[in-house]
Amino acid sequence: MSALRDAIDKLGGVTECARVCGITPRGVYKWLQRDSLPRTEYTGETSYARRMADASQGAFTAEWLLENATPFASDSPPTDTPKVTPGRATATTP
């Protein structure tokens, strides 16, 4: 089970997580589909992990959730992702 799914379950499910975060259940389902919190969580624009942790009654921390619910939490990005070198028109792979 993913860390995000585990955290949502510990809150009581998608509907309760959405209520705690002030978003729609559809928004939470999008997180689950991507198995990641939104980008805004990592840029400081939102604080869903903090809200979820506060509502979890100590079941997990915001720091744990942020660390484990990233797009590549289990390892580094896939190696087939092209790297683009500035100033070059072609992409290179590792």
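The values are calculated or read from the model by the stated rules, or taken from the named source; none is laboratory data. This is a predicted model, so every value here is computed, not measured. As a convention, Cβ positions derive from the backbone with ideal geometry for all residues, glycine included, and neighbour counts pool all protein chains shown.
Structure notes:
- Taking the criterion of being in contact with a helix residue (DSSP H, G or I) (Cβ under 7 Å, 6 or more places away or on another chain) and either surrounded by fewer than 19 Cβ atoms within 10 Å (Cβ to Cβ) or among the acidic types (Asp, Glu) (or both), the residues of region 21-32 that qualify are Thr24, Pro25, Gly27, Tyr29, Leu32.
- Tally of residues being under 18 Å from Phe60 (Cα atoms), more than 15 Å from the chain's Cα centre (by Cα) and not basic (Lys, Arg) across region 1-39: 5
- Exclusive hit being in a helix (DSSP H, G or I), modelled with pLDDT of 95 or more and loosely packed, with under 13 Cβ neighbours inside 10 Å, set Glu67, Glu63, Glu16, Glu45: Glu63
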